[in-house]
Structure formats: structure tokens, C-alpha cells
Amino acid sequence: MEGFDFRDPPNTAAFICEHVAAGDPILYVSHDEDGDWQFLCGRTHGEDAAERALLVCLADVVRRDPGLNSLASLCRDHHAERTAASAPWSITDDGEEFIRKCVKEFGWAVQLVEEGEGPSEPAFAYTIGLHHNFGHPELIILGQPNKLMHAALNDIGDRIKQGARFASGDSLEEVIEGYPVRLREVESRESFKVHVGYALWFYAGQPFRLLQVVWPDKDGRFPGEPGAWEILKERQPLLP
């Protein structure tokens, strides 16, 4: 579609408020973690507000305000604001604010990363804040469903918060029901850059350590052990 720079299809559903539908300028754009777009007037829209969100096509919003194409590459979990239709956009990473809040309130945050397009790009999750609050290495786990990875990291995080300390080579029970997990040191700076970007941002150059939480196949064999399932190599690469 000419004049449409967004990666999402033109018929992608988007939300607008009633003020925007009535002709008010779009001053707030949100691209949430699920990929949904919102184009709002910039006023407060609370759950108890009388107005309701309206569903439109993304192309219709851009056709109305072609200048929105400048936000076509707005990452998920980010929002953009401006004070007037002629003013420049200010972009905020909502993920950063969420991480700060979690680290302050709970002791750590868990960042989930969806799987990539190829088999060598499994989903993974990692912690941010364990080093900051408890002097403990951060944790990363790969290749399991998001819900399980989130729960596993929180389980170990709770143990650390209660005073436990773990090191490379340790085996932990009951992190994943019915199976032990093992911890191993991740040393490569390249692995840090590729996998724990938000942790690097949070620590702003301060060094921290990272332990990979490694899980076994259904027969209890870990990657690299004789007879271990070959699929482990794809779903759970051992980070150098």
C-alpha cells in the first residue's frame, strides 16, 4: 500500500479513542508487548471513563495522519507522545520502566523473549536484578514454554531472596516438577549481548555474572550426556 510504512498488514486492527474518532489529533501512540496498536488523544483514559475504545484498521489511521509513518518502526512495549500535532514525538521504552518497578518492588524482573524464525532461535527468559539486590548471578533459561520459564526463574529467585546462594555446577530439585535442573556459567560477552540486553542496559557497564538453568530430557539426561535427546541441542543450546 502506497504511503503505508508499517510492517503490519494495512488491515491490522488498531484502537482509537472517541476523541480521535471525533477529529482530535493523535498525541499518544502505543505499541504494546502483544503487538497491539493504540492511537489516542493524549488525555487520561481510565477504566472508569465513560468513553469506549473503537476498533479501526491501521491503514485508516495512517491515511488520516500520514505523519504516523514516522512511528512505523516503533518497537513493541514502547509508546510515543507529543504535545501537539506539529510537535516532535518523544519515545519511551515501557519495558525499562517495568523492569525498574519490578526490581524495586520484588527484587528482580523476568524478561521473556519469543522464539525466532529458525530452529536455532528458541524462546528464552532471564532475570534482571538478582545481582543488584542480592549480589547473586543473574539467571537465564532457554527452550521451554514462557509460563514454565517464568515460574522456574521466580522459584530460584525466591530461594535467593530467602538467603540461598548458587554456583555453576549446582543441581536444584523441584524447580521444574519431576526433574532436576543444573546451573552452568555463561562467560562469553557475545552471549550477554545477544541474550540479556535489558540486563546490560540495567547495569550500565557494571559487571555481573550469568548462570544458565539447564533442564534434562524426559529420561533425565542433560545436553551432552550419552543418549541425551538430540532435540536438546536446538531447544536448549549451551551458551558459551
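Structure above, values below:
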item	result
Leading residue by the ranking (farthest from His131 (Cα to Cα)) among those in segment 77-91 that are surrounded by 14 or more Cβ atoms within 10 Å (Cβ to Cβ) and not aliphatic (A, V, I, L, M)	Arg82
From the options Arg209, Arg165, residue that is surrounded by fewer than 13 Cβ atoms within 10 Å (Cβ to Cβ) and touching a His at 6+ places or on another chain (Cβ under 9 Å)	Arg165
Residue identified as farther than 30 Å from Asp93 by Cβ, touching a residue at least 12 places away in the same chain (Cβ under 8 Å) and surrounded by 11 or more Cβ atoms within 10 Å (Cβ to Cβ) among Pro237, Pro180	Pro180
Which listed residue, of Gly197, Gly205, is under 16 Å from Thr127 (Cβ atoms) and either aliphatic (A, V, I, L, M) or under 22 Å from the mean Cα position of the chain (by Cα) (or both)	Gly197
Residue in segment 135-142 that is surrounded by fewer than 17 Cβ atoms within 10 Å (Cβ to Cβ) and at pLDDT 95 or above present	yes
Residues of segment 6-20 satisfying the condition of being more than 24 Å from the chain's Cα centre (by Cα) and exposed (fewer than 14 other Cβ atoms within 10 Å of the Cβ)	Pro10, Asn11
Residue ID - farthest from Leu148 (Cα to Cα), chosen from residues in segment 216-237 that are assigned to a loop (DSSP other than H, G, I, E, B) and within 21 Å of the chain's Cα centre (by Cα)	Pro237
Phe166, sole failed condition from (1) touching a residue at least 60 places away in the same chain (Cβ under 8 Å); (2) of a type in the set (Phe, Trp, Tyr); (3) under 13 Å from His136 (Cα atoms)	(1)
Candidates Ile140, Ile128 - the one that is in contact with a strand residue (DSSP E or B) (Cβ under 8 Å, 6 or more places away or on another chain), in contact (Cβ under 8 Å) with a residue 60 or more places away in the chain, closer than 14 Å to Ile99 by Cβ and assigned by TED's automatic domain parsing to the domain that holds Arg209	Ile128
Selected residue (criterion: farthest from the chain's Cα centre (by Cα)) from residues of segment 100-124 that are buried (at least 22 other Cβ atoms within 10 Å of the Cβ) and either at pLDDT 95 or above or of a type in the set (Ser, Thr, Tyr) (or both)	Trp108
Where a residue in segment 61-82 is in the same structural domain as Ala21 (by TED's automatic domain parsing) and its partner, wherever it lies, is among the charged types (D, E, K, R) and in a loop (DSSP other than H, G, I, E, B), with Cβ under 6 Å and at least six apart	Asn69/Asp5; Ala72/Asp5; Arg76/Glu33; Asp77/Glu33
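The values are calculated or read from the model by the stated rules, or taken from the named source; none is laboratory data. All figures in this text were calculated on a predicted structure; none of them were measured in a lab. Positions of Cβ are backbone-derived with ideal geometry, glycine not excepted, and every protein chain shown enters the neighbour counts.
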